[in-house]
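Every number here is computed from the coordinates shown, using simple stated rules; none is lab data. Since the structure is predicted, the reported quantities are computational estimates derived from the model, not experimental observations. Please note: Cβ atoms are built from the backbone with ideal geometry, for glycine as well, and neighbour counts cover all protein chains shown.
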Amino acid sequence: MSPIELGIGWGEMEKEARGKPLPDGTYEFIVDHVDEQETAAGRPRWIWFLKVVNHPQYNGRTVRYGTPLPWTDSSGQKDTSGIAFLYRMVNGCGKQIMGTQLPDKEFFYGAGGFMKVKGVPDRNDPDTIYNEAQIVQPKKAMK
C-alpha cells in the first residue's frame, strides 16, 4: 500500500482531535478514569479525567485535573506540597479519605460534583486554548 497524503501535519491533527474548548462555566461531572503519571523529577501524580454530564450540548466532553501525590524526594524527605489539590478533588467528588492511605483510583470512578472550567493558553503554544478545571465542588455545595 502506498503512503496516503493527509494534507495536514501532526500538530494540526492534534488540535483537530482535541476539539474546541468548552466555554468558560460550571459543569457537572463524573470521574471517568484516573491515569498515574510521574513528573520528570519522579514525583507521582494522578491525572483525573472528568466527564461532563447532564449538559444538553457538552455531555461526554472531558476535562483533565492533575493532583500531585506525596512522595519521598531524592534527599529522603517526605514532600506533601500540593496536597490541597488532592483534597479539593477528593472532596469535590463527594468522597472522604479515612486514615492516612489513599484508596485505589477505582474508588473514585463514577463519583461526581461540579467543576468551574476556564479556557487557558497552552504554555508551549499560546494560540492553543485548553480547558482547565479550576474549582471542583461536591454536588451538595452547589444546591
At a temperature of 20 °C and a viscosity of 1.002 mPa s, determine how fast region 20-75 diffuses translationally according to Stokes-Einstein, using the Kirkwood radius over alpha-carbon pairs as Rh; express D in µm²/s, rounded to the nearest whole number.
166 µm²/s
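Mind checking Rg over Rh on the chain, alpha carbons, Kirkwood formula for Rh?
Across the chain, the Cα-based Rg/Rh ratio is 1.04.
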Rounded to the nearest 20 Debye, what is the dipole magnitude of the chain about its Cα centre when Lys and Arg each give +1 and Asp and Glu each give -1 at the C-beta?
820 debye
Relative contact order of region 21-142, pairs being alpha-carbon contacts under 8 Å that are 6 or more residues apart, as %:
28 percent
Inter-part gap, Cα centre of region 103-143 to Cα centre of region 27-89, in whole angstrom, is 9 Å
Gain in length, Ile47 to Glu12, computed as 0.36 nm per residue apart minus the alpha-carbon separation, to one decimal in nm?
10.2 nm
Do any GluC sites (Glu not before Pro) in region 1-85 lie in a DSSP loop with no more than 10 other beta carbon atoms within 10 Å, and if so, which?
Glu5
Report, in degrees rounded to the nearest 10, the 0 to 90 angle that the Cα long axis of helix 83-92 makes with the longest principal axis of the chain.
80 degrees
In nm, spacing of pseudo-spin labels at Arg64 and Phe107 (7 Å Cα→C-beta vector):
2.4 nm
Which far-off residues, 5 or more places away or on another chain, put their amide H under 5 Å from the one on Gly66, with H placed in the peptide plane?
Trp48
Quick one: if the Förster radius is 25 Å, what FRET efficiency do Tyr87 and His55 give, using the C-beta to C-beta distance and rounding to 0.05?
0.45
